[in-house]
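Here's the structure, in structure tokens; my notes come after.
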Amino acid sequence: IGSTLDRPIAQPRGRHLNGSSVGARANQPSDDEVNKKKVVHCINPIYGLKDPKWLIEYLEYHIAIGVDHFHVYNVDMHSPDVQRVLETYRNWDFITRHDWSAKASGKYTTRITYEHAKWGAQTDCALRSRGIYDYALFSDIDEVAMGGDEGLTPALEMCEQAHKDRGVIGCSFNSNTVSSVFTKLTDDEELKVKDKLLLERYNHMEVKPFCPSNCRCLGKNCSEMTRKYHYGRQKYMVNMHDLSIPPRPLWTHAISGDYDEMDRIMEQLPDDVFHIRHYQGHWLKNRNLLDKMEEKYAPLPKQFIDLIRETIFKGSLRRSYEQAKEDFSSGLDWITPVERPAKYHNNILLA
């Protein structure tokens, strides 16, 4: 559809931070790293991204939990700051970039519906990844994968076992909304959280989903619900090392699929094994629910936050990140924070 900027198959180069190796970036991998399953992250098409802070934290977090490589599909070319960060990761061989713009695709990716861009990118990434990686993770730039203290490992093990036991092709998992991104802090409050990473700052999420935006009611008065597939904005990972599995997109949150088939070929992962943290929730804002919803404290594992901070501030990313902190505030270009009651402010300040 579009064009690829070299390196359709890439192996991450080792990175050193001020003379010491960090995590999977070491030139001499540990036994665990040699034996780990290789994971490629197929990020759905990105547009309008201006602040590099989120991009840096997003990529570093997913590298920390076990992602080996990213395919990035650009609908537009972003800001110069984001361009520089993308080029840095490309030079490190952590990402492969694809021009998914209207010009490169003959308007296929932007005409009528954005879902054209998604389905084309998912198919492209699956085709490029077959036989090279063990699993491909499909999600958006505003979604962070959460697998607990062990990162991706428990989810991959459960998926692999389900593949062996009943031939499933992959695993799907729930989307949980990080609602604290909508809390507009005062100038004094902003100063109190200025040294926090964005992934530390936004750590409160919905206690339960809100139908029909990220679930589907079943029965009278929504006494039961389902969160499967597009009804719950679920995302998925797919087996890439079994070449008998055809490469294809399965569903998106806007387009349904054959769910009888999905029930046969997909394993549902419980939230405590794996889920997506969705840094969005426009349906809560549009329905005036942000002033009365119940939030819970749900921080990302400390060891990953500490590793991200070390990588940023002891390496070559520091300049890009600190410059961005001066020029941008929330770091989430797609969110416009709103005034909320004091308890939601306290959720951020006291975390």
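The values are calculated or read from the model by the stated rules, or taken from the named source; none is laboratory data. Not measured: the values here are computed from a predicted model. As a convention, Cβ positions derive from the backbone with ideal geometry for all residues, glycine included, and neighbour counts pool all protein chains shown. Ligands, DNA and RNA are stripped out before the accessible areas are found, and what is left, the full protein with its side chains, is counted by its heavy atoms. Shrake-Rupley method; radii C 1.70, N 1.55, O 1.52, S 1.80 Å.
A cut-off of 5 Å between modelled amide H atoms, ignoring neighbours fewer than 5 places along the same chain, links M240 with Y135, A136. Residue separation of M77 and S244 scaled by 0.36 nm, minus their Cα-Cα distance, works out to 56.5 nm of gained length. Would you mind telling me the antiparallel percentage of the DSSP bridges in the chain, rounded to 5? Percentage antiparallel, nearest 5: 50. Calculated FRET efficiency, E87 to R287, Cβ-Cβ distance, R0 = 41 Å: about 0.55 to the nearest 0.05. When Rg and the Kirkwood Rh are both derived from Cα coordinates, the Rg/Rh ratio for the chain amounts to 0.94.
Structural descriptor for the chain: relative contact order 24 percent, calculated from alpha carbon pairs under 8 angstrom and at least 6 residues apart. For I255, nonlocal amide neighbours, meaning residues 5 or more places apart or on other chains whose placed amide H falls under 5 Å from its own, do not occur.
Computed with a 1.4 Å probe on the full set of protein chains, the accessible area for C217 sits at about 60 Å².
Let's test the formula: R0 of 25 Å, r as the Cβ-Cβ distance of T123 and F210. What FRET efficiency results, to the nearest 0.05?
0.20
Multiplying the residue separation of K184 and Q303 by 0.36 nm and removing their Cα-Cα distance gives an extension gain of 40.1 nm. Per atom type, the stretch 281-351 shows carbon and sulfur on 48% of its accessible surface, probed at 1.4 Å. Accessible surface computed residue by residue for the stretch 166-271, with neighbouring protein chains in place and a 1.4 Å probe, gives 45 Å² per residue. Picking from D263, D187, D51, which is most flexible by a Gaussian network model of the chain using Cα springs under 10 Å? In this elastic network of the chain, the residue with the biggest mean-square fluctuation among D263, D187, D51 is D187.
Within the chain, no helix built from a complete DSSP H run reaches 18 Å or longer along its own axis (Cα positions) while carrying a mean Kyte-Doolittle hydropathy of 0.5 or higher.
Set the Förster radius R0 to 41 Å, insert the Cβ-Cβ distance between E322 and E157 as r into 1/(1 + (r/R0)^6), and round the FRET efficiency to 0.05.
The calculated FRET efficiency here is 0.60.
In this structure the amide hydrogen of F70, modeled in the peptide plane, comes within under 5 Å of the amide hydrogens of H41, I95, T96, none closer than 5 places in sequence on its chain.
A Gaussian network model of the chain, with springs between Cα atoms under 10 Å, assigns the largest mean-square fluctuation among D165, D142, D76 to D165.
Report, in deg cm²/dmol and to the nearest 500, the calculated mean residue ellipticity at 222 nm for the chain, where each DSSP H run with n ≥ 4 adds -39500 (n - 2.57) and the sum is divided by the residue count.
Per the formula, -9500 deg cm²/dmol.
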